[in-house]
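All remarks here apply to the structure that follows.
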Amino acid sequence: MKLMGIELRRISLPLVAPFRTSFGTETRRDILLLRAVVKPDATTGAGAPDEAEGWGECVAMSDPRYSSEYVDGCADVLRRFLIPALSTVEHLSARAVAPALAGIKGHRMAKAALEMALLDAELRALGVPLARELGAVRDRVPCGVSVGIMDSVPELLDAVARYLDAGYLRIKLKIEPGWDVEPVRAVRERFGDGVLLQVDANTAYTRADARHLARLDAYDLLLIEQPLDEEDLLGHAALARTVQTPICLDESIVSARAAADAIALGACAIVNVKPGRVGGYLEARRVHDVCAANGVPVWCGGMLETGLGRAANVALAALPGFTLPGDTSASARYYHTDITEPFVLQDGHLAVPAGPGIGVAPIPEILDEVTTSTEWIPGR
């Protein structure tokens, strides 16, 4: 492909309700979208369009709390370094993005958004769905839901009841010191052992909390997600020898190599795969492959994506190694109005988009209403 240019588009979407984790509370998402316009090569085949466009979504948050990346920083590095670097590539393809950007350290979420936009454009020109390109084996995926930290246990129980009534197949509770054993106990007592239940600490604990976290073993959890600092693999390995509940890593897994190292150290028994965190969907597939080769189950995490990111996540979650329900919730979980046709839960599942590329596109009228700024960066 030849890169004609990239549009950076900022949008602002209010959340249905405040979403609180151990690192902060979000009430609105400031989201960076990318629209890539490319000219397919003549070798693409008969019937290919003269131009194709694709969409990418950057999952970075407004502040560098979940990771070191944040929206303004992603926009800056894309504008100043990443997009210019791709503009010099002679034979551009989605597979060429990571090698072309390897000289620029870090910034995985920004790189992932750029790769997603080009991958979407390339597959749309070829008429190939993303799910097929990645190696999906299912046409729908089971869905879990992430429940934030609440002001009270009764409020939490009401929220969990609503999600179970909506059909979600797995409940994930955000936890932090002071909000862990009691809410888990309350959910188990109210809804029974039949509910698939897990917890997510977002690095809120230390090695000194091992005995306290072991108290969660009594509640038959699927996993404890990222209890310790993302750089503390040895601490996670020690914790895994102390608690019976499987340890799952999220923030620590930034690449397929990181996944292989964590597995070799015994730091995790399960892996949460987030494409933005590992630098893109192609690297996410490699993480999946490494875990599958080691018999480690994976599931797809969420970053409060719009329908664009959700469509791509659902395609990824249809790969064979994704054996646990992910955070691929319906659009209504987070947004009153999504920027694409909404994803709707059916029998606890979401359908995998079957159209070319990611299979969805923004609805122009809605996109314009929520847009706060646009910038066009021409290619070469």
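The values are calculated or read from the model by the stated rules, or taken from the named source; none is laboratory data. These numbers come from a predicted model, not from an experiment. Counting neighbours? That spans all protein chains shown, and the Cβs are built from the backbone with ideal geometry, glycine included.
Which residue pairs have Cβ atoms under 8 Å apart, sit 6 or more places apart or on different chains, and have a first residue in region 364-379 that is without any contact (Cβ under 8 Å) to a residue 40 or more places away in the chain and a second that is surrounded by 12 or more Cβ atoms within 10 Å (Cβ to Cβ) and of a type in the set (A, V, I, L, M, F, W, C)?
Ile366/Ile339
Which fully enclosed helices (runs of 4 or more DSSP H) of region 50-137 have 2 or more residues being in contact (Cβ under 8 Å) with a residue 60 or more places away in the chain and touching a Pro at 6+ places or on another chain (Cβ under 8 Å)? Give the steps one after another, and end with the answer.
Numbers: elements: 71-77, 83-87, 94-101, 108-126, 130-134.
Answer list for region 50-137: 108-126, 130-134.
Checking the condition acidic (Asp, Glu) and within 15 Å of the chain's Cα centre (by Cα), which residue from Glu305, Glu365, Glu369 passes?
On the way: Glu365 fails: within 15 Å of the chain's Cα centre (by Cα); Glu369 fails: within 15 Å of the chain's Cα centre (by Cα).
From the options Glu305, Glu365, Glu369, the qualifying one is Glu305.
Quick check on this structure: which one of Gly326, Gly321, Gly302 is at pLDDT below 95 and either surrounded by 22 or more Cβ atoms within 10 Å (Cβ to Cβ) or not small (Gly, Ala, Ser) (or both)?
On the way: Gly326 fails: at pLDDT below 95; Gly321 fails: at pLDDT below 95.
Of Gly326, Gly321, Gly302, the one residue that is at pLDDT below 95 and either surrounded by 22 or more Cβ atoms within 10 Å (Cβ to Cβ) or not small (Gly, Ala, Ser) (or both) is Gly302.
If Gly192 passes every condition in (1) more than 19 Å from the chain's Cα centre (by Cα); (2) touching a residue at least 24 places away in the same chain (Cβ under 8 Å) but one, which one does it miss?
Gly192 satisfies every listed condition except (2).
Quick one: which of Phe23, Phe19 is within 20 Å of Gly307 (Cβ to Cβ) and assigned by TED's automatic domain parsing to the domain that holds Leu119?
Phe19
Can you tell me how many residues in region 247-281 are in a helix (DSSP H, G or I), touching a Pro at 6+ places or on another chain (Cβ under 7 Å) and more than 20 Å from Val71 (Cα to Cα)? Break it down stepwise before answering.
Just the residues of region 247-281 that are in a helix (DSSP H, G or I), to begin with: 256-265, 275-278, 281.
Restricting the remaining residues to those that are touching a Pro at 6+ places or on another chain (Cβ under 7 Å) gives 281.
With the extra rule that they be more than 20 Å from Val71 (Cα to Cα), the set shrinks to none.
Qualifying residue count, region 247-281: 0.
Hey, can you tell me all the residues within region 349-372 that are surrounded by 17 or more Cβ atoms within 10 Å (Cβ to Cβ), closer than 19 Å to Ser12 by Cα and not aliphatic (A, V, I, L, M)?
Passing the criteria: only Pro362.
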